[in-house]
Amino acid sequence: MQGIEDEEWVLVQFKPNSDAIAVRNLERQNITVFLPKTEQTQRRGDKFVTMVKPLFPGYLFAQVNDGGNAWRTINSTYGVSRIVSTAGKPTRVPSGLVEAIKERCTEGDIVETDVKFSEGDEVKLASGPFADWVGKIVEMTADQRAWVLLDFMGRQTRVAFDTRDLLEI
């Protein structure tokens with residue numbers, strides 16, 4: 001892995017649904033890995049379920065510190081698809097990126113989301129069937145959801161949204 005000096009981070013693509021397998025097997029080979037995760041709330045039936053998923057689906061960071069043949073070891077690891085490379089050489093992650101992500105992580109490498117909304121704020125919906133609609137937050141929940149009051153044909157209706165789907169006005 002020429003060109004990668006000691007303590008460089010590279011991006012590793014893992015096989016579908018194999019994040020835990022890839023991390024475990026890389027760590028067994030004394031390779032430092034970082035898999036940032038995020039909590040996502042999804043509706044399952046009549047309730048909301050919070051799941052922890054990778055921040056970058058399908059990818060993790062690996063620290064290559066021997067500057068030699070570690071990329072071959074990583075590429076042949078069970079659960080790993082490949083190292084992201086350019087012109088046959090592993091691509092380095094820009095310096096400071098991994099550290100910046102780590103600073104925003106809580107225990108368990110879960111990236112903390114900034115809740116910048118509060119009750120009474122006017123918001124614009126960023127995506128989905130209600131994109132570009134404007135509403136007013138009437139309630140914030142502990143699981144990063146906001147109840148927004150929307151005007152449907154002259155009638156006020158409460159609808160729950162993930163705060164990541166909202167924009168400040």
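The values are calculated or read from the model by the stated rules, or taken from the named source; none is laboratory data. These numbers were taken from a predicted model, which means no experiment stands behind them. When we count neighbours, we look across all protein chains shown, and the Cβ atoms used for this are built from the backbone with ideal geometry, even at glycine.
Of the set (1) part of a loop (DSSP other than H, G, I, E, B); (2) touching a strand residue (DSSP E or B) at 6+ places or on another chain (Cβ under 6 Å), all apply to THR77 but (2). Against the numbered list (1) in contact with a Pro (Cβ under 8 Å, 6 or more places away or on another chain); (2) charged (D, E, K, R); (3) farther than 27 Å from PHE161 by Cα, LYS15 comes up short only at (1). Within region 152-169, the residues that satisfy the criterion of being closer than 14 Å to PRO129 by Cα and either without any contact (Cβ under 8 Å) to a residue 24 or more places away in the chain or aliphatic (A, V, I, L, M) (or both) are PHE152, VAL159, ALA160, LEU166.
For region 112-121, residues that are modelled with pLDDT of 85 or more and either closer than 14 Å to THR38 by Cα or surrounded by 14 or more Cβ atoms within 10 Å (Cβ to Cβ) (or both) total 1.
Counting only strands (runs of 3 or more DSSP E) that fall entirely inside region 100-169 and contain at least 1 residues that are over 27 Å from PRO54 (Cα atoms), the qualifying elements are 122-125, 134-140, 145-152, 155-162.
Only residues that are modelled with pLDDT under 80 and either aromatic (Phe, Trp, Tyr) or assigned to a loop (DSSP other than H, G, I, E, B) (or both) were counted across region 28-70, and they come to 6.
If you check TRP133, TRP71 for being of a type in the set (Phe, Trp, Tyr), farther than 30 Å from GLN13 by Cα and surrounded by 11 or more Cβ atoms within 10 Å (Cβ to Cβ), only one passes: TRP133. If you check ALA126, ALA142 for being aliphatic (A, V, I, L, M), surrounded by fewer than 13 Cβ atoms within 10 Å (Cβ to Cβ) and modelled with pLDDT under 85, only one passes: ALA142. Where residues in region 147-164 are among the aliphatic types (A, V, I, L, M) and surrounded by 11 or more Cβ atoms within 10 Å (Cβ to Cβ), which of them is nearest to the chain's Cα centre (by Cα)? Residue satisfying both the conditions and the ranking: ALA160.
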